[in-house]
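Asks: Please find one structure pasted underneath; my questions will follow.
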Amino acid sequence: MADIPTAAISRLVTYLRILEQLETQDVSRTSSNDLAERAQVSAFQVRKDLAYFGRFGTRGMGYTVPILKRELVRVLGLNRTWSVVIVGMGRLGQAIANYPGASDYRFQYVGLFDVNPQIVGQNIRDLRVQHTEQLRDFVSATPVDMGFLAVPPDRAQDAAQALVDAGVRGILNFAPVVIQPRTTERGGVSEPGDEWRNVTIENVDFLAGMKRLAFYILNPTLKAALTEDTE
């Protein structure tokens with residue numbers, strides 16, 4: 001799976017969302033053409049993306065919606081429970097914690113952290129907000145798969161490092177900054193520290209999304225051309 005493009009994984013998430021919508025509409029079968037139209041890609045792209053993970057349809061008959069949905073859930077790892085902590089429990093962190101869709105995919109919030117004394121000690125979603133200094137001890141006692149960062153930009157790097165030092169290997173970063181692994185010198189070359197091995201960071205930058213949206217509204221033909229280039 002090392003050769004699977006990151007963009008293909010993003011499209012799988014889109015296909016899954018479409019399949020869920022089809023299920024709510026009592027649609028039992030779909031096709032690569034239908035998925036492609038709804039996802040705004042080509043039918044060839046749909047078939048290519050799915051082929052990375054197996055054969056899910058029947059030539060001339062398309063895909064059975066519940067079966068393809070089940071297989072994408074499996075491929076994406078959404079058939080297991082993921083333990084999540086949130087670092088930064090201001091307005092954004094609380095909104096994330098209270099978002100109702102996370103539990104639908106078995107993302108379970110197990111710990112909430114902040115440094116603000118006015119927030120530490122509060123109960124949110126039946127969890128008491130703890131001080132970020134307690135993060136390492138918490139992860140030592142409670143297995144954590146992912147950490148969500150909802151801290152101010154100037155604190156994101158330190159918060160990410162705290163998560164990595166605690167042993168968390170997946171970070172969803174909502175701060176509008178690029179997280180940089182802490183480096184060490186080896187043979188005169190700077191390399192990420194050992195604690196950053198196998199750490200995956202996903203960035204959710206609302207402002208960047210607005211900037212891209214503004215560009216594509218002004219340049220709609222470029223949007224189509226760039227989409228074709230990723231296929």
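The values are calculated or read from the model by the stated rules, or taken from the named source; none is laboratory data. The shown structure was predicted, so the numbers you read here are calculated from the model rather than taken from an experiment. Backbone-built Cβ (ideal geometry, glycine too); neighbour counts: all protein chains shown. Ligands, DNA and RNA are stripped out before the accessible areas are found, and what is left, the full protein with its side chains, is counted by its heavy atoms. Shrake-Rupley method; radii C 1.70, N 1.55, O 1.52, S 1.80 Å.
Asks: Which one of the conditions (1) assigned to a loop (DSSP other than H, G, I, E, B); (2) surrounded by fewer than 14 Cβ atoms within 10 Å (Cβ to Cβ) does T184 fail to meet, given that it meets all the rest?
Replies: (1)
Asks: Quick one: V168 ticks every box in (1) in a helix (DSSP H, G or I); (2) more than 14 Å from N203 (Cβ to Cβ); (3) open to solvent by less than 60 Å² (accessible area, probe 1.4 Å) except a single one, so which number is it?
Replies: Single failed check for V168: (1).
Asks: Moving to a separate point now. Filter the stretch 82-130 for residues that are acidic (D, E) and more than 13 Å from L149 (Cα to Cα); which is modelled with the highest pLDDT?
Replies: D126
Asks: Looking at the stretch 175-204, which of its residues are touching a residue at least 12 places away in the same chain (Cβ under 8 Å), among the acidic types (D, E) and out of contact with any helix residue (DSSP H, G or I) (no Cβ under 9 Å at 6 or more places or on another chain)?
Replies: Within the stretch 175-204, E202 is the sole residue that qualifies.
Asks: Kindly check whether there is at least one residue in the stretch 138-146 that is assigned to a helix (DSSP H, G or I), more than 17 Å from the chain's Cα centre (by Cα) and crowded, with 21+ Cβ neighbours inside 10 Å.
Replies: For the stretch 138-146, residues assigned to a helix (DSSP H, G or I), more than 17 Å from the chain's Cα centre (by Cα) and crowded, with 21+ Cβ neighbours inside 10 Å: present.
Asks: Going through the stretch 147-165 one residue at a time, which ones are touching a residue at least 24 places away in the same chain (Cβ under 8 Å) and either in contact with a Cys (Cβ under 7 Å, 6 or more places away or on another chain) or open to solvent by less than 40 Å² (accessible area, probe 1.4 Å) (or both)?
Replies: G147, F148, L149, A150, V151, A159, A160, A162, L163, V164
Asks: Check A156 against each of (1) modelled with pLDDT under 95; (2) out of contact with any Phe, Trp or Tyr (no Cβ under 7 Å at 6 or more places or on another chain) and name the one condition it does not meet.
Replies: Every listed condition holds for A156 apart from (1).
Asks: What residue, among those in the stretch 165-210 that are in contact with a Gly (Cβ under 7 Å, 6 or more places away or on another chain) and hydroxyl-bearing (S, T, Y), is farthest from I86 (Cα to Cα)?
Replies: Of everything passing the filter in the stretch 165-210, T184 is farthest from I86 (Cα to Cα).
Asks: Within the stretch 194-201, can one find any residue that is in contact with a Phe, Trp or Tyr (Cβ under 6 Å, 6 or more places away or on another chain) and modelled with pLDDT of 90 or more?
Replies: There is no residue in the stretch 194-201 that is in contact with a Phe, Trp or Tyr (Cβ under 6 Å, 6 or more places away or on another chain) and modelled with pLDDT of 90 or more.
Asks: Name, by its number, the condition in (1) under 19 Å from the mean Cα position of the chain (by Cα); (2) under 25 Å from L112 (Cβ atoms) that does not hold for A162.
Replies: Every listed condition holds for A162 apart from (1).
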